[in-house]
Amino acid sequence: MKNLSSHCSPLQNQRQLPNPRTPGSRQEEEKERKEQDDVENHLHEVEDDSEARCEWDFNLATVVSSSSSSSSIGGAASDTLGVIEFDPCDRLLATGGISRKIRIYRTASLLPHEGLSSSYEQVATAALDHANACDFYICTPAKLSSLRWKPGSGGGVLGSADYDGVVMEYDLERRLPVFERDEHGGRRVWSMDYSPSDPVVGASGSDDGTMQVWDPRCEGGECLGVVQPSAGRSPVCCVEFNPFGGCLVAAGCADRRVYGYDVRRMGDPVLVLDGHQRSVTYIRFLDRHTMVTAGIDGCLKTWHTADHRLIRTYTGHVNARRFVGLSVWRGGGLLSCGSEDNQVVVYDKRWGSPVWVKRFEPSSAGAPAPGRAEYSGGEYCEPTGAGFVSSVCWRQMGEDQCTLVAGGSDGVLQVFSGSRRRISQ
């Protein structure tokens, strides 16, 4: 049965969240302090200033596009893919964007050749149509800006945020909305996320300048706390809980800063990261104490959350206007984002320059255009000025094999398979 949203003020007074810790919290705090000490020792690691090198072979495994006859799924012309998310078990992939559709794919259908050959180079690129590759889709009332799988649901519940300022949850088995929250005054919600703790709480950031933390178990998503990170009420462009546990939730704002809050005591931020020159559009955690941020100043940054220290700045992609995606592959230490010159870009966390770049330029039939060279430590191709890569997502499984999915402003989905190169000496 649906939970219909109540219409309380989005600026209701914040209240202190209940402390989830047990009476043994002192021991937990001591454990946290020990972990922080370990991090402090790690902070003085020697930075690798050698030239960036690609230790991976990437190959285009699958291209998924829309044929002119696929009207039931929606044409590519109005289908910028704004968000891509693997479920926690990496069995399913969800996409959303301006077409007002959530598409659900089975990973196996996007990688039909996976496991058939030990050499990806020997397998031809599969060309699929959204209508056939998509397991099913759900129509949504507004354009989508964010998707997140709800923890503990076994991949059965997907949360979304949209341009109309509404957060919803969908039961994928019934393919129906089961929760709705409209507490940002109708202002666009750019991002939503779930905490990894039990019970699960949610957070959303909006054009109204607030980040709200709420309880999806309550009717309408009872508001547990509201913060306004920027004194100037700048839009909150992204929110992210630390998926490794703890009580930190981070918000990236149009005032160029990242603010971190303890969800047990919503009030003043426990950390402020100031380094981007323009709006912060994405936040991802690479590990428990390392945060990755992206901004429309054309760079990514990694930070130590223990002492708020900037580790490294990554440049090499073009991002001055749009949301182009950010994803981290924790097993391989790789970062990826899109680019406004229609390329997908991969960084190794150790180096500030790209280790691999691929032009995202499908032909009208959905197959990759011939003659487009990759970047792998060499020079960039000249941009064509057509389209941009709008979303990316790594599959988290594996250490020597990886999968990167990228979506374009033309609605085309490309799936890349990677394998670690063997060291000859």
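The values are calculated or read from the model by the stated rules, or taken from the named source; none is laboratory data. Quick caveat, the model's predicted, so the values are computed rather than measured. Backbone-built Cβ (ideal geometry, glycine too); neighbour counts: all protein chains shown. All accessible areas refer to the heavy atoms of the entire protein, side chains included, with ligands and DNA or RNA removed. Shrake-Rupley method; radii C 1.70, N 1.55, O 1.52, S 1.80 Å.
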Checklist entry - Looking at (1) over 19 Å from residue 156 (Cβ atoms); (2) under 23 Å from the mean Cα position of the chain (by Cα), which is the only condition residue 201 fails? => result (1)
Checklist outcome for this item: Filtering segment 156-186 down to residues that are surrounded by fewer than 18 Cβ atoms within 10 Å (Cβ to Cβ) and touching a residue at least 40 places away in the same chain (Cβ under 8 Å) yields 176, 178, 180, 185
Next on the checklist: Taking the condition of being over 28 Å from residue 394 (Cβ atoms) and open to solvent by 30 Å² or more (accessible area, probe 1.4 Å), how many residues in segment 251-266 meet it?
Outcome noted: 1
Checklist entry - Looking at segment 130-145, which of its residues are of a type in the set (S, T, N, Q) and either in a loop (DSSP other than H, G, I, E, B) or surrounded by 21 or more Cβ atoms within 10 Å (Cβ to Cβ) (or both)? => result 140, 145
Next on the checklist: Can you say whether residue 246 is more than 22 Å from residue 87 (Cβ to Cβ), out of contact with any strand residue (DSSP E or B) (no Cβ under 6 Å at 6 or more places or on another chain), modelled with pLDDT under 95 and not charged (D, E, K, R), as far as the supplied structure shows?
Outcome noted: yes
Checklist entry - Taking into account only those residues within segment 45-90 that are among the β-branched types (Val, Ile, Thr) and closer than 15 Å to residue 129 by Cβ, which is modelled with the lowest pLDDT? => result 73
Checklist entry - Where in segment 146-192 are there strands (runs of 3 or more DSSP E), lying wholly inside it, with at least 2 residues that are under 23 Å from residue 234 (Cβ atoms) and within 19 Å of the chain's Cα centre (by Cα)? => result 157-162
Item to check | Condition broken by residue 155, with the remaining ones in (1) in contact with a Lys or Arg (Cβ under 9 Å, 6 or more places away or on another chain); (2) under 22 Å from residue 96 (Cβ atoms); (3) at pLDDT 95 or above satisfied | outcome: (3)
Checklist entry - Would you say residue 96 is within 23 Å of residue 328 (Cβ to Cβ) and either open to solvent by less than 20 Å² (accessible area, probe 1.4 Å) or touching a Lys or Arg at 6+ places or on another chain (Cβ under 8 Å) (or both)? => result yes
Item to check | Residue list for segment 225-241, restricted to those being β-branched (Val, Ile, Thr) and touching a residue at least 60 places away in the same chain (Cβ under 8 Å) | outcome: 226, 227
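Let's see how each residue does on (1) open to solvent by less than 30 Å² (accessible area, probe 1.4 Å); (2) touching a helix residue (DSSP H, G or I) at 6+ places or on another chain (Cβ under 6 Å); (3) basic (Lys, Arg):
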site	(1), (2), (3)
192	yes, no, no
197	no, no, no
203	yes, no, no
220	yes, no, no
284	no, no, yes
290	yes, no, no
Checklist outcome for this item: The number of residues in segment 204-232 that are within 17 Å of residue 266 (Cα to Cα) and out of contact with any Phe, Trp or Tyr (no Cβ under 7 Å at 6 or more places or on another chain) is 13
